[in-house]
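**Student:** Encoded as structure tokens, here's the structure I'll be asking about.
The values are calculated or read from the model by the stated rules, or taken from the named source; none is laboratory data. Bear in mind that the values here come from a model prediction, so they are computed numbers and not experimental data. Backbone-built Cβ (ideal geometry, glycine too); neighbour counts: all protein chains shown. We work out accessible area using only protein heavy atoms, side chains counted, and drop any ligands, DNA or RNA first. Shrake-Rupley method; radii C 1.70, N 1.55, O 1.52, S 1.80 Å.
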Amino acid sequence: RLIHQATTDALTGLANRPAFLDHLEDVVGRCDAGLVRDCAVLFLDLDRFKVINDSLGHLVGDRLLVAVAQRLRMSVRPGDVVARLGGDEFALLVEGVDGPARADELAARVHRMMAQPFLLGNNQLFASVSIGIVHRAGCQDTPEDLLRNADIAMYRSKRAGRACTEVFSEVHHAAAAGRLDLENGLRRALAQGELFVNYQPIVRIPDQSLVGFEALVRWRAPDGHIVQPAEFIPIAEETGLIDAVGAWVMREACAQLVALTTSPWLTVAVNVSSRQFARPDFLAEVEA
């Protein structure tokens, strides 16, 4: 009973994350020994599951997870491993695949089965999954590497529009590592004063008179490279750093306007994130 509890997801009866990693380690070892052909990992995440939890409650959400688990079991061959990794994340492990076609076919079958409505009590629900696939074909990836790479591919599929499948490539890994470097660099930039503001003049067309400026944030990295907003603002939005960036730009623009002129009609426009509008202290921050 203890072994069962340690290796089984209590809600769905599927293998849990530790058990899945054990299965994956075993398959990887047999691949390396030439006992089986390639293997593939599929990482699945339910789309918009939080909406179901928030609107219908966690009991319905749990019933949906159980129903999804049953459909995933029906999608695979005997011997393939189905696991719930936690929350609304699932994983499939298929071995003996001959190239990527087998995993792609399995992903397509999962999408087809998920397209059918779920009847849960008085509720008819529709749910889709985003799937990331990673193949192991004679490489030295560890089980943890494979699961991480499948997860990266899954997030790529979500950004592609949900209910999609994305196959991992090293380009994805490099992009994920680059995003992490950019996030860490942005935190450093805020702490070490690497951000600065460019001021784009706003001119009245009829008489070409200057009426104000638009404040545009830029980032000068330690190597002198200027990082453009299109590169770092989306990451700032995603991580919540946009609050600190936006507040800094507002303070800097106000201080610069005071230093430039005492004219009462000269203004400065500052771009504001929707996240900042959602903060209850935003008005007080602007007034200050």
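**Student:** Would you check which residues across region 20-51 are in a helix (DSSP H, G or I) and either closer than 18 Å to MET113 by Cβ or basic (Lys, Arg) (or both) and list them?
**Tutor:** Scanning region 20-51 gives ARG30, PHE49, LYS50.
**Student:** How many residues are under 21 Å from PHE20 (Cα atoms) and open to solvent by less than 20 Å² (accessible area, probe 1.4 Å) when one looks only at region 30-63?
**Tutor:** Final tally of qualifying residues: 8.
**Student:** Out of curiosity, is ARG251 more than 17 Å from VAL270 (Cα to Cα) and open to solvent by 60 Å² or more (accessible area, probe 1.4 Å)? Write out each step before concluding.
**Tutor:** Details: more than 17 Å from VAL270 (Cα to Cα): no; open to solvent by 60 Å² or more (accessible area, probe 1.4 Å): yes.
Spelling it out, it is not the case that ARG251 is more than 17 Å from VAL270 (Cα to Cα) and open to solvent by 60 Å² or more (accessible area, probe 1.4 Å).
**Student:** Applying the selection to region 64-114, what residues are touching an Asp or Glu at 6+ places or on another chain (Cβ under 9 Å), loosely packed, with under 14 Cβ neighbours inside 10 Å and either under 21 Å from THR7 (Cα atoms) or not small (Gly, Ala, Ser) (or both)?
**Tutor:** Listed by number, the residues that qualify are GLY79, GLY86, GLY87, ASP98.
**Student:** Of the residues that make up region 2-15, is at least one outside any loop (DSSP other than H, G, I, E, B), farther than 22 Å from LEU125 by Cα and touching a residue at least 40 places away in the same chain (Cβ under 8 Å)?
**Tutor:** For region 2-15, residues outside any loop (DSSP other than H, G, I, E, B), farther than 22 Å from LEU125 by Cα and touching a residue at least 40 places away in the same chain (Cβ under 8 Å): present.
**Student:** If only one of VAL268, VAL227, VAL245, VAL272 is open to solvent by less than 60 Å² (accessible area, probe 1.4 Å), under 13 Å from ALA189 (Cβ atoms), of a type in the set (A, V, I, L, M) and in contact with a helix residue (DSSP H, G or I) (Cβ under 7 Å, 6 or more places away or on another chain), which one is it?
**Tutor:** Matching residue, one of VAL268, VAL227, VAL245, VAL272: VAL245.
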